[in-house]
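Notes follow the structure.
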Amino acid sequence: MIIDAHQHFWQLSQPFNYAWLRPPINRDFLPGDLLPHLRNTGVNKTIFVQTQHDLDETRWALGLADQFDFIAGVVGWVNLASPRCEDQMLEFRAHPKFVGVRHITQVEPDDDFIVRPDILRGLKVLEKHRVPFDLLFYVKHLKHAVTVARTVPALPLVIDHLAKPRIKDGSMDDWLPHLRAAAACPNVYCKLSGLVTEADWTNWKPSDLTPYVRAALDCFGAQRCMFGSDWPVCKLAASYAQVYQALNEALGPISADERAAIFGGTAIEFYGLNV
């Protein structure tokens, strides 16, 4: 069972904010567009991850998950700062394919957003119901992973895209110490995703990703690492097949058990997938 733990859909006719899209990804990307790539690479199931701070996008995505069996789970959005956070979460929790929550922390003007008292209260609601949370960080936010993990120690947390290290610059010094500190918290996992778009979009090669992938594997171990394509965002720099192959190359000679964890087992365990 191969699982892509991080992909998106969008439909420009929906009443959502797509102003951030740029060519060649500023068009509809729906399940029928993804299916050929899954068949080509042998990926069996995927997890949709939100792109909007909008409850209706989560409802829309759960509707797609009802129609397409390959969508194993939906990581949606609730307003963590709202007094109605728990009610919103319980609405979605009633759907068997609702598996987690994400907030696009990287766009918040307050770099300390994720450790604000009201946000931590919302995360404690997720912890109460064991609804996993995706941490979408830039490197500058990564220092907060430890604070969050210790505040909600029973909440499964996953760092999307390895917190977007500056691969194009070959920089690790501002990133690795904080990643290592986060990995010391047993409830923190990481996604080996979104890396090609942190490299040089036109001239990247798998070896550019290798130091970052190997560092993550060393810090977290395969049992806390999961593959994600970040399709269709990845199309800014690479095809779906290129992303999949690049990660395989960057991982190097790992055991069959490690590969099984990274390409499926970790996602099944983390999100509690029914596959």
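Pairs meeting the criteria (first residue in region 186-208 and polar (S, T, N, Q), second residue open to solvent by 40 Å² or more (accessible area, probe 1.4 Å) and in a helix (DSSP H, G or I), beta carbons under 8 Å, at least 6 apart or on different chains) are Ser207/Glu249.
Yes or no, residue by residue, for (1) open to solvent by 20 Å² or more (accessible area, probe 1.4 Å); (2) outside any strand (DSSP E or B):
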site: Pro186; (1), (2): yes, yes
site: Lys191; (1), (2): no, no
site: Thr202; (1), (2): yes, yes
site: Thr210; (1), (2): yes, yes
site: Ala216; (1), (2): no, yes
site: Met226; (1), (2): no, no
site: Ala238; (1), (2): no, yes
site: Tyr244; (1), (2): yes, yes
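Scanning region 179-204 for residues that are polar (S, T, N, Q) and over 17 Å from Asp160 (Cβ atoms) returns Thr202, Asn203. Close Cβ contacts (under 6 Å, 6 or more residues apart or on different chains) running from residues in region 65-85 that are part of a strand (DSSP E or B) to residues that are among the aromatic types (Phe, Trp, Tyr) comprise Ile71/Phe48; Gly73/Tyr271; Val74/Phe48; Val74/Phe98; Gly76/Phe92. The residue of region 63-80 that is nearest to Lys45 (Cα to Cα), among those that are among the small types (Gly, Ala, Ser) and surrounded by 16 or more Cβ atoms within 10 Å (Cβ to Cβ), is Ala72. Scanning region 36-62 for residues that are open to solvent by 40 Å² or more (accessible area, probe 1.4 Å) and either within 19 Å of Cys234 (Cβ to Cβ) or in contact with a strand residue (DSSP E or B) (Cβ under 8 Å, 6 or more places away or on another chain) (or both) yields Pro36, His37, Arg39, Asn40, Asn44, His53. Only one entry in Ala145, Ala163, Ala154, Ala184 is of a type in the set (Gly, Ala, Ser) and more than 21 Å from Pro211 (Cβ to Cβ), namely Ala154.
Of the residues making up region 12-23, none is not small (Gly, Ala, Ser) and not in a loop (DSSP other than H, G, I, E, B). When region 128-145 is limited to residues that are within 18 Å of the chain's Cα centre (by Cα) and in a helix (DSSP H, G or I), the one that is surrounded by the most Cβ atoms within 10 Å (Cβ to Cβ) turns out to be Ala145.
The single residue among Asp257, Asp174 that is open to solvent by 30 Å² or more (accessible area, probe 1.4 Å), under 15 Å from Phe137 (Cβ atoms) and outside any strand (DSSP E or B) turns out to be Asp174.
Of the residues making up region 86-127, those that are assigned to a helix (DSSP H, G or I), crowded, with 21+ Cβ neighbours inside 10 Å and of a type outside the set (Val, Ile, Thr) are Met89, Phe92, Gly122, Leu123, Leu126.
The values are calculated or read from the model by the stated rules, or taken from the named source; none is laboratory data. None of the values given here were measured: they were computed from a predicted structure. Note that each Cβ is placed from the backbone with ideal geometry, even for glycine, and that neighbours are counted across all protein chains shown. The accessibility values were calculated without ligands, DNA or RNA, using every heavy atom of the protein model including side chains. Shrake-Rupley method; radii C 1.70, N 1.55, O 1.52, S 1.80 Å.
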